[in-house]
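Read-outs throughout are calculated quantities, based only on the coordinates presented, and are distinct from any laboratory measurement. Note that the structure is a prediction, hence the values are computed from the model and not measured. Reconstructed Cβ throughout: ideal geometry from the backbone, glycine too, with neighbour counts over all protein chains shown.
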Amino acid sequence: MTTIEKSVDVKAPVRTAYNQWTQFESFPKFMAGVDKIEQITPTRTHWRTTIGGVTREFDAEITEQHPDERVAWRSVDGPEHAGVVTFHRLDDQTTRVHLQMEYTPESLTEKAGAALGVVGSRIQSDLGRFKEFIEHRDSETGAWRGEVERTPQEGEQRLADRGGSPSQSLPPIGEPSPEFAGEHSKPTYADEAAPEGPDESVPRGHAGMDPNRRNPF
């Protein structure tokens, strides 16, 4: 399993940067190797990519989405990968777009590229082209501002079951540990600084990720 984290600062308000990222069918305009993306449902897309001479098609599912904050996804077939992109307000006109992704290289070429950092460099270039794409437009090309709540994973219980917010989750019944309470004492907002480290929203199970790996985005 390979983990990649990259970020870019764009001259656009958080709302504009987020709205543009939800327009998945525009990704081929700034993502190398992405031939076409078809929006099947509000939370599922079909991808066709050509990377290293190999063409693949697969579906991806949005697993969590909160306007102006984050979009998390996982593949449901084809190459294993999952990730989350978060949006952080630096000032009224500047946003940091932070992407964390994990994937499983399949071919020898892909494994070599992962070892040499080729994929990470390509993703950084994709983010750079996203920056150019959004900064050279008067506004975003569209927006989808629906909410998608993360499904509780193993060992978690919805806070809504105990009278709290449905967007939060708790460990099994009992007194929360001080570590857990500390991690959940502050919600995620777009105007928080973008820290480094893995993010809990990257789905576990499909790409082997651990939901207890926290990143206070």
**OP:** Please report how many Lys pairs in the stretch 2-135 have alpha carbons closer than 22 angstrom, counting only residues at least 8 apart along the chain or sitting on separate chains.
**Re:** 7
**OP:** Starting from the Cα of residue 76, step 7 Å along the direction of its Cβ; do the same at residue 32; then give the gap between the two resulting points in nm.
**Re:** 3.0
